[in-house]
Amino acid sequence: MKASTSLLFVIVIMLAFNLPRRAKAQDMPGKRDSINSAVLNEKRVIQVVLPDGYKAGSTTKYDVLYILDDWNIKLGRDIQHFIVDEHTMPPMIIVGLLNTDRDRDFLPTHNKGNKTSGGADKFLKFFKDELIPYIDKTYPADGDNTLFGHSFGGVFVTYALLNEPQLFNNYIAGDPSYWWDNGVMLKQVKEKLPALTGKEKSLYIGGREGRGMKEMNINPMDSLLKKDAPAGFEWVVKSYPAESHGTVRLKNFYDGLRFAYNDYGGKPLEFHPSGGVVLKNKPIKIWYFDDTTKVHYTVDGSEPLTTSPFAKPELELSGPAKITLRQIASRAKFDKTSSGEFKEGNYLAAKPLKKSYKPGGFHYAYYEGQWDKLPDFKTLKPVKEGTADSIFNIDKLPRQNNFGLVIDGQFKAEQEGYYIFGLGADDGCQVYLNDKLIIDLDGLHDADIEKSYIIPLKKGFYSLRIAYFQKEGGRKLDLVYVTPDNIAQKKITPIPYTLRYGAR
């Protein structure tokens, strides 16, 4: 036996003993499906996992994550769901492919050391002509696909990128066996990499630090990409210490998906104040607290472009404007835009303090009911009333879900100048100042959404009303403000209870 063949045999045996065993059907998430493949001349079984929030009949479409190898399906689902729960990637459809002959399907060339190797061309044709069209037709897929493969599967991931790059947007190769057939994939990369220019594809490669990177021939691939990667092609090669060929899959999955969706963020694009009233010749500053590297802005209401100026932590407005911030992602579907209007106006007039109002807290009225948006509370009878004082807490109300609140009273402005009111609420809420709607967060939405409003006030008393409802899930109702003397320091506080007046 030749030395090269002997080495090949040893590596194949080593990897075989380090690969997980076939997963049992009852251990797999999702539902079983199958395709009678004319290309492969066999029945191919797949495992399909729909997003948790999917509802039959919905028009919502989802990206699709294709996973090679039985044993990677549950791991991939668990990691993907974790990332979704952290709001750093969207919900996805997961399609796991159960193996029949992985060496045949994943390896692009035939080698005498492996009798069935060399069928990657047919397996890729199966994806192109049968599997992806079937998924797109049968499930709510949006055509934005990601492919994950480990070991020999990582070789196939790279083969697919080079030969049918339009099938997937993101390619994740976990500890790929680039040593296969004397490094045949390195030769293909060198030949076909230029064709990826401007195609906006991403490739993530993860391996084992030190000897592992050398054994799998990943280091030469890293060198090729550093030298020849074309414009518009994003890639990462990362090595992990103290991992085995099997355990590194977990980190490959996590970091690969995070890299693929680095432009995605579940948290809305926010700036503060979000809107308001500005005085003539009295400029205000807009605060932006997040990463500015991909965020552009305009102040004339137009859509920001890559040629528009970058956002800054502070932007000064010298007069009325419609400011728009846009985070421009590598994929337009993940662009985020937020706008706010600032109108020129005058100081809001103060009102006399009502005789029945006492300091220490606003009045509240508690209602019970199930709503998706704020009802007209004036037509409803409250179940309970009282004072929203320093010990008041929405978590201590009779119900934790399906209730509503109206909190109202007057607060005392002790300084003249700009005030900023901020609101974070889950579920829906509206804030009125002197019967003027200043913040609108009505409807069901994510708890992370916050809005704010700037307005100039004279010294005196102002009526304040908060309408809120909670349907299901987490509860949140936070109203804060910034007084004129605290704007420069961005010091945000609740309205002191000594300045809150309500009916008794």
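The values are calculated or read from the model by the stated rules, or taken from the named source; none is laboratory data. The structure displayed is predicted, hence computed values, not measured ones. For neighbour counting, all protein chains shown are included, and Cβ atoms are generated from backbone atoms with ideal geometry for every residue, glycine included.
At-a-glance table
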| read-out | value |
| --- | --- |
| Among (1) outside any helix (DSSP H, G or I); (2) of a type outside the set (Asp, Glu); (3) touching a residue at least 60 places away in the same chain (Cβ under 8 Å) - the single one Arg258 does not satisfy | (1) |
| Strands (runs of 3 or more DSSP E) contained entirely in the range 357-464, each with at least 3 residues that are among the aliphatic types (A, V, I, L, M) | 403-413, 417-426, 436-441, 450-457 |
| Checklist (1) closer than 20 Å to Pro176 by Cα; (2) assigned to a loop (DSSP other than H, G, I, E, B); (3) aliphatic (A, V, I, L, M) applied to Leu75, failing item | (2) |
| Residue list for the range 220-239, restricted to those being under 27 Å from Ala329 (Cβ atoms) and either of a type outside the set (A, V, I, L, M) or in a loop (DSSP other than H, G, I, E, B) (or both) | Asp222, Lys226, Asp228, Ala229, Pro230, Ala231, Gly232, Phe233, Glu234, Trp235, Lys238 |
| Only listed residue being hydroxyl-bearing (Ser, Thr, Tyr), part of a loop (DSSP other than H, G, I, E, B), without any contact (Cβ under 8 Å) to a residue 40 or more places away in the chain and more than 30 Å from Phe461 (Cα to Cα), chosen from Thr324, Thr307 | Thr307 |
| Among the residues listed as Ile79, Ile93, the single one being closer than 18 Å to Val248 by Cα, in the same structural domain as Ser34 (by TED's automatic domain parsing), surrounded by 19 or more Cβ atoms within 10 Å (Cβ to Cβ) and not aromatic (Phe, Trp, Tyr) | Ile79 |
| Qualifying residue in the range 281-294 (condition: touching a residue at least 40 places away in the same chain (Cβ under 8 Å) and assigned to a loop (DSSP other than H, G, I, E, B)) | no |
| The range 87-113, residues that are free of Cβ contacts under 8 Å to residues at least 24 places away in the same chain and under 13 Å from the mean Cα position of the chain (by Cα) | none |
| Odd one out for Leu40 among (1) outside any loop (DSSP other than H, G, I, E, B); (2) touching a helix residue (DSSP H, G or I) at 6+ places or on another chain (Cβ under 6 Å) | (1) |
| Qualifying position, being under 20 Å from Glu270 (Cβ atoms) and surrounded by fewer than 17 Cβ atoms within 10 Å (Cβ to Cβ), among Gly424, Gly474, Gly428, Gly417 | Gly474 |
| Scan of the range 226-241 for residues that are modelled with pLDDT under 95 and surrounded by 17 or more Cβ atoms within 10 Å (Cβ to Cβ), ordered by number | Ala229, Phe233 |
| Filter result for Ser58 (on the phi < 0 side of the Ramachandran plot, part of a strand (DSSP E or B), at pLDDT 80 or above and assigned by TED's automatic domain parsing to the domain that holds Lys137) | no |
| Helices (runs of 4 or more DSSP H) contained entirely in the range 81-199, each with at least 1 residues that are at pLDDT below 95 and not charged (D, E, K, R) | 180-192 |
| Every residue from the range 54-76 that is surrounded by 22 or more Cβ atoms within 10 Å (Cβ to Cβ) and under 16 Å from the mean Cα position of the chain (by Cα) | Asp63, Val64, Leu65 |
| The range 265-280, subset in a strand (DSSP E or B) and not hydrophobic (A, V, I, L, M, F, W, C), residue surrounded by the most Cβ atoms within 10 Å (Cβ to Cβ) | Gly276 |
| Members of the range 178-203 that are in contact with a helix residue (DSSP H, G or I) (Cβ under 7 Å, 6 or more places away or on another chain) and either crowded, with 17+ Cβ neighbours inside 10 Å or among the aliphatic types (A, V, I, L, M) (or both) | Tyr178, Trp179, Trp180, Met185, Leu186, Gln188, Val189, Leu193, Leu196, Lys201, Ser202, Leu203 |
